[in-house]
Amino acid sequence: MAHRLGLHVAGDAKSRLRGPGIEYADVREYQASEDARMIDWNLTARSDRPFVREAHPDRGLDVWLLVDASRSLDWGTVRSLKRDSAAELVDLLTLLLARHGSRVGGIVFDTRLRRILALTGGRQGRLQLVSRIAAESAAATHDGRTDLEQILRHAGRVITRPSLVIVISDFLVDAGWQKPLRALSLRHDVVAARISDPTESALPAIGIVTFEDPETGAQVEVDTGNRKIRERYSAAATAQRGRLLKDLRSSRAQLLEISTAEPVVSQLIAYLRVRQATRGALQRAGRA
């Protein structure tokens, strides 16, 4: 579903409005009451009447980052912790969006809503936003289960203008978030950025290991040398990911997967290329 996203002057996202800008939209005959500077003289010289070339005005998006700071992010076995990958993604996204004139705000949460950071733009605003998100994440208490359902409901009330909403989380949360995410997607363009570690999908054979639920403290001993246990673990992880993908599709949210096994920047670039190619294909299909 396409959305009319929140736009403001001084960006380079294409608006649905027409007027002075860079990207060509249409051409029409000049009206006597209009500013003569709008006339396209090259086109007018080839005709017997003056014409105006219209373009899509340059605008900036309103973007909200919903950042999970819960204890389950303190896990990582390859390049970094999931928390570090999430922080790097926040830094890259704000850098990219600030360069394109967008305003970015943040909502930091763990077991509860921790802080709402107002929309801001420009280099200084970006640096302050990243710093404050990092500070709030570091101050998270981590007591109890992450209630993503209530966070999404609150975000739906806070974010009034249609915007790009990016939920950065490992999605190791209780059920119930699916319905509010769908409600959010009906008004906004929503991306679910799932942060994961390879050991969450395949258990390595490293002997007897004590696992602890990062949010409840519950512990269990597992013999990772047992092949059948590893197979059941892998099957459960595959089923969990399948349910997540199904829930995101039904919620009309796009999925951005970030693994601690690879550089965040390369994964973000790959996602943006696919997103751009998909939108280009849809636009071509719409014109056909």
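The values are calculated or read from the model by the stated rules, or taken from the named source; none is laboratory data. Source: prediction; values computed, not measured. Cβ coordinates were reconstructed from backbone atoms using ideal geometry, including for glycine residues, and neighbour counts include every protein chain displayed. Just so you know, the surface numbers come from the protein's heavy atoms only, side chains and all, with ligands and any DNA or RNA stripped out. Shrake-Rupley method; radii C 1.70, N 1.55, O 1.52, S 1.80 Å.
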Problem set entry | Residue list for region 93-130, restricted to those being over 13 Å from Val165 (Cβ atoms) and of a type in the set (S, T, N, Q) | Thr94, Thr111, Thr120, Gln124, Gln128
For this session: From the list Leu81, Leu129, Leu113, pick out the single residue that is touching a residue at least 12 places away in the same chain (Cβ under 8 Å), surrounded by 15 or more Cβ atoms within 10 Å (Cβ to Cβ) and within 30 Å of Pro198 (Cβ to Cβ).
Result: Leu81
Exercise. Of all the residues that make up region 251-281, how many are of a type outside the set (A, V, I, L, M, F, W, C), without any contact (Cβ under 8 Å) to a residue 40 or more places away in the chain and open to solvent by less than 50 Å² (accessible area, probe 1.4 Å)?
Worked result: 4
Problem set entry | Answer from Thr199, Thr146 - the residue that is open to solvent by less than 60 Å² (accessible area, probe 1.4 Å), in a loop (DSSP other than H, G, I, E, B) and closer than 17 Å to Asp74 by Cα | Thr146
Problem set entry | Residues (under 29 Å from Val222 (Cα atoms) and among the polar types (S, T, N, Q)) located in region 174-207 | Ser196, Thr199, Ser201
For this session: Mind listing just one residue for me: the one in region 172-183 that is at pLDDT 95 or above and either in a loop (DSSP other than H, G, I, E, B) or polar (S, T, N, Q) (or both) and, of those, least open to solvent (accessible area, probe 1.4 Å)?
Result: Trp177
For this session: Would you please list the contacts, defined by Cβ atoms under 7 Å and residues six or more apart or on different chains, that run from a residue in region 85-104 that is surrounded by 18 or more Cβ atoms within 10 Å (Cβ to Cβ) to a residue that is assigned to a strand (DSSP E or B) and hydroxyl-bearing (Ser, Thr, Tyr)?
Result: Arg103/Thr120; Val104/Thr120
